[in-house]
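Peer 1: Below is a structure I'd like to ask you about.
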Amino acid sequence: MTGAFQGSLLDEPDETTPRPLQAARRTPLAHGAWIDVLPGWIPGADALFERLLTSVRWRGESRRMYDKVVDVPRLLSFYREGAALPDPVLDEAKAALDAHYAAELGEPFRTAGLCLYRDGRDSVAWHGDTLGRGATEDTMVAILSVGAPRPLLLRPRGGGATIRYELGHGDLIVMGGSCQRTWEHAIPKSARASGPRISVQFRPRDVR
Ligand SMILES: O=C(O)CCC(=O)C(=O)O
């Protein structure tokens, strides 16, 4: 299904406690949006990547584009509110996010969307998570990235410079404030050979 992902030799598979989120660095963006970034948030990311790759029921999706039906260029798995997450490390990650962001977000993260980018040809186009409350309210989307590094691009809606975050193995990025409705994000295709990457997005209720 995918090429091999070469994990880090420094990875410590026995250590699963996420790094304290107080170490995340916040960057305010225009229009009331912000980004928190914490590189290397999850230790044991090699083992987590392998477990998710093999244990998650990855599904392909297709979408109508004008008069054609096209395959979505990545595989997906969605864990709705109350569903058991596919790995205990994701339970720990969610608990840590909830504890750290509860006061600011005012609610817990409820769902987990998992995406598998099989290689550099897989991607997601420019969009904001505006199905539901993200269209009208400030919210947060927290993304844990494992596997091959890929850039996540952000640009303000209506024009402006693009910002690039290189998401590495075990890294966390949180998009907050108005980010989903005033900015768009994308994972572009890469012409360079790229191994597989898994993105885990934690979202509050009714944000998609
Ligand atoms: O792959 C990522 O980290 C971004 C995923 C994303 O933006 C989405 O699924 O809405």
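Laboratory data are not the source of any read-out in this text; all were calculated from the coordinates shown. Everything numeric here is computed off the predicted structure, so don't read it as measured data. As a convention, Cβ positions derive from the backbone with ideal geometry for all residues, glycine included, and neighbour counts pool all protein chains shown.
Peer 1: Can you run phi through the Karplus equation (6.51, -1.76, 1.60; θ = phi - 60°) for segment 18-34 and list ³J(HN,Hα) in whole Hz, with x for Gly and Pro?
Peer 2: Residue by residue, segment 18-34 yields x, 4, x, 6, 4, 7, 5, 9, 9, 10, x, 10, 5, 6, x, 9, 8 Hz.
Peer 1: For Trp41, enumerate residues with amide H under 5 Å from its amide H, sequence gap 5+ or separate chain, H modeled in the peptide plane.
Peer 2: Asp171, Leu172
Peer 1: From the phi of every residue in segment 78-86, what ³J(HN,Hα) in whole Hz does the Karplus formula 6.51 cos²θ - 1.76 cosθ + 1.60 yield, where θ is phi - 60° and glycine or proline is x?
Peer 2: 10, 10, 6, 3, x, 6, 5, 6, x
Peer 1: Residues with beta-carbon under 12 Å from that of Val174, excluding Val174: net charge, scoring Lys, Arg +1 and Asp, Glu -1?
Peer 2: Net local charge, Val174 excluded: 0.
Peer 1: How big is the convex hull of the Cα atoms of segment 21-203, per residue, in Å³?
Peer 2: 128
Peer 1: Let me ask something additional. Show the residues, 5+ positions off or on another chain, whose built amide H is closer than 5 Å to the amide H of Arg150.
Peer 2: Leu167
Peer 1: Also, I was wondering about something else. Once you have the Cα-Cα distance between Asp71 and Ala191, take 0.36 nm times their residue separation minus that, and quote the gain in nm to one decimal.
Peer 2: That pair, Asp71 and Ala191, stretches by 41.3 nm at full extension.
Peer 1: Taking amide H positions as placed in the peptide plane 1.01 Å from N, state which residues far from Val124 in sequence (5 or more) or on other chains have amide H under 5 Å from it.
Peer 2: Amide H to amide H, under 5 Å and 5 or more residues apart or across chains, Val124 pairs with Ile187.
Peer 1: Would you please classify the overall shape of segment 108-208 from the alpha carbon gyration tensor, given that a ≥ b ≥ c denote the square roots of the eigenvalues, rounded means a/c under 1.5, and beyond that prolate means a/b larger than b/c while oblate covers the rest?
Peer 2: Oblate, since a/c reaches 1.5 and b/c is not below a/b.
Peer 1: Can you give the extra length, in nm with one decimal, that the chain gains between Ala30 and Asp206 once fully stretched, where that is 0.36 nm per residue apart less the Cα-Cα distance?
Peer 2: Contour length minus the Cα-Cα distance gives 60.9 nm.
Peer 1: With θ set to phi - 60°, apply the Karplus curve 6.51 cos²θ - 1.76 cosθ + 1.60 along segment 148-162 and write out the HN-Hα couplings as whole Hz, x wherever there is a Gly or Pro.
Peer 2: 4, x, 9, x, 9, 9, 10, 9, x, 4, x, x, x, 5, 7
Peer 1: Considering only the chain, what is the antiparallel percent among its DSSP beta bridges, to the nearest 5?
Peer 2: The antiparallel fraction comes to roughly 100 percent.
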